[in-house]
Ligand SMILES: Nc1ncnc2c1ncn2[C@@H]1O[C@H](COP(=O)(O)OP(=O)(O)OP(=O)(O)O)[C@@H](O)[C@H]1O
Ligand SMILES: [Mg+2]
């Protein structure tokens, strides 16, 4: 009995109990899907982080209002207090106090409705200074960026992200047109080049206006001088740590705070983003690895169980095959292959489920999942191996059946 | 071989037959279930030669099937010796026994024992498969065997689509396809009506004409009388000629036609 015949025989046996076989491989199926998702999530997180770093630049510091070390709420958490102002940004731009800082851009953002030619589109409207373009490492496809004059005069001008322009006008060729933001008319002076998206925001869907315009006309609020984020660009990668120290000292002085522990702002770098992403990923990995390991174990036991049932059911067949000259190894191989086919079926179905989830889940959990062909192939291999390992005992039992007892069984 | 010459030979084989195929010497078989022992064979000596057609008869529980299982290498003796076609079967392991069964023996069972999921020809090719005959040759040989038993038109039918008689003929085809030294049949007609019985026995007659060694167990005297020799088993031993003749005389009105 050669391999193709063994395969044919075993496949026929698996197929003759279709539903039972399917239920048997459920554990393996879930386990393999979890493995594929775990690996995919790891690769996806790496991709997210590196694309975020490349989109923001690796020498960027992000200053946000509020303390991240304090949860009492006394100094206010993220977004609840207005502790950062445009004056802070100006102070950080000092060559004397912060020589390692190459550029500073304050941002004041909110979500507003834009309207042009009866088309409505809601997007992030960001008030910022002319330095933004350099600090955020962005480029224009057409027109020009907001200028110091615009800032000084609180001009009603705007620079649109490429997607925003397309949504409103169907084209990015919109310089000179007019768009209505919050019932005020703005002239479009430029359009940003596409930069893709990071995990938290779409970098191509936004409208830039002068910071002064945002503060006085659009966002205002209780404290028109407050800003939501200050981006600080270090002169180079190697000067990032120095720039961090300088920025902290400048802001502590300005806010008259003695100790960094009491700071009413938070400075984070890309490293911090990497750390956050990594810790989320690690938590998910532990969870999914646990699910995978348990499912595979349960799946393996399921295969063993159903193979024992199969051996019992087919005792008479085993007896007949032995009477006709099947040596013990041929019987063992037949049942091992059957167990391996069960493993393979679970593996393939699990891979399909895993890949399907990898395509659908990112929209729900907000982080990318990368399907790695090598991981898929490897996990199918693991599934086959599980079938084999858990099939050894039932197959050995079948091979050891005395032909006469087997033939006699009813 | 002569060293193993049986001490008792109830029915000497006729001179025209060839070398001994079966040589059973002082064969004892003890079944153990828990602490209870049962001696199903109590010192059996039996020689069957190449080309013989032997029927084994005897009352229920006398040890016929036990004897058949030993002859078919499906079970091993507790004590005594069994030599089959020149092999000392006592010393063989399970893999070697499997090969002997494959090469030397064709089984026909009362229950047919066909695999229900396989077409007739696939059932017939099983012994060839385990005998490592190449697949293209197997199909042709299986078809020829099925034609020989008159089922040339039912090659692709599964056992469930065949009558009992046809199923048993498939089983006979399976028993002869690998051209074994001997065909062993345990009550092959036990589940068949008279017409199918005649078909199957006709086949055995033909095989006997062709020089095959056939051993069959039966309860029915008409069946046994097709054989050239009748071996009578009683309480785990083989009866002597006089007792055999008497027993056969009792078994049927037209009895006494053995040997
Ligand atoms: N596995 C076993 N364990 C214990 N006793 C057994 C076993 N197999 C058979 N026997 C006993 O051995 C004796 C012979 O059994 P065997 O099956 O050989 O009889 P038989 O002549 O074929 O009978 P029948 O004509 O009814 O088929 C019986 O008494 C039976 O109960
Ligand atoms: Mg019997």
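The values are calculated or read from the model by the stated rules, or taken from the named source; none is laboratory data. A quick note: this is a predicted structure, and the numbers were derived from the prediction, not measured. Here Cβ is always computed from backbone atoms with ideal geometry, including for glycine, and neighbour counts include all displayed protein chains.
In the set (1) modelled with pLDDT of 90 or more; (2) within 11 Å of chain A (Cβ to nearest Cβ), residue B:188 fails one condition alone, (2).
Only one entry of A:348, A:311 meets the criterion of being at pLDDT 90 or above, under 34 Å from the mean Cα position of the chain (by Cα) and in a helix (DSSP H, G or I), and that entry is A:348.
Taking the range A:123-186 and the strands (runs of 3 or more DSSP E) fully enclosed by it, the elements with 2 or more residues that are out of contact with any helix residue (DSSP H, G or I) (no Cβ under 9 Å at 6 or more places or on another chain) are at A:140-143, A:178-181.
Condition check: at pLDDT 80 or above and closer than 30 Å to residue A:347 by Cβ. Does residue A:214 satisfy that? So residue A:214 does not fit the description; no. Taken together, the residues in the range B:157-166 that are in a helix (DSSP H, G or I) and buried (at least 16 other Cβ atoms within 10 Å of the Cβ) amount to 3. Across the range B:187-215, the qualifying residues are those that are in a strand (DSSP E or B) and more than 24 Å from residue B:121 (Cβ to Cβ), and the one among them that is farthest from ligand 1 (Cβ to nearest atom) is B:213.
Residues checked against (1) touching a residue at least 60 places away in the same chain (Cβ under 8 Å); (2) within 19 Å of residue B:22 (Cβ to Cβ); (3) outside any loop (DSSP other than H, G, I, E, B):
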| site | (1), (2), (3) |
| --- | --- |
| B:168 | yes, no, yes |
| B:184 | yes, yes, yes |
| B:226 | yes, no, no |
| B:232 | yes, yes, yes |
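Note on the range A:322-364: among residues that are away from chain B (no Cβ under 14 Å) and without any contact (Cβ under 8 Å) to a residue 24 or more places away in the chain, the one that is nearest to residue B:106 (Cα to Cα) is A:352. Looking only at the range A:353-388, residues that are touching a helix residue (DSSP H, G or I) at 6+ places or on another chain (Cβ under 6 Å) and outside any helix (DSSP H, G or I) come to 6 in all. Residue B:95 falls short on exactly one of the conditions (1) surrounded by 17 or more Cβ atoms within 10 Å (Cβ to Cβ); (2) away from ligand 1 (no atom under 12 Å from the Cβ), and that condition is (1). Scanning the range B:202-224 for residues that are buried (at least 19 other Cβ atoms within 10 Å of the Cβ) and away from ligand 2 (no atom under 16 Å from the Cβ) gives B:203, B:204, B:207, B:212, B:213, B:214, B:221.
Filtered by the rule that a residue be within 16 Å of ligand 1 (Cβ to nearest atom) and surrounded by fewer than 20 Cβ atoms within 10 Å (Cβ to Cβ), the range B:104-119 gives B:110, B:111. Those strands (runs of 3 or more DSSP E) of the range B:43-153 in which 2 or more residues are within 14 Å of chain A (Cβ to nearest Cβ) occupy B:105-108.
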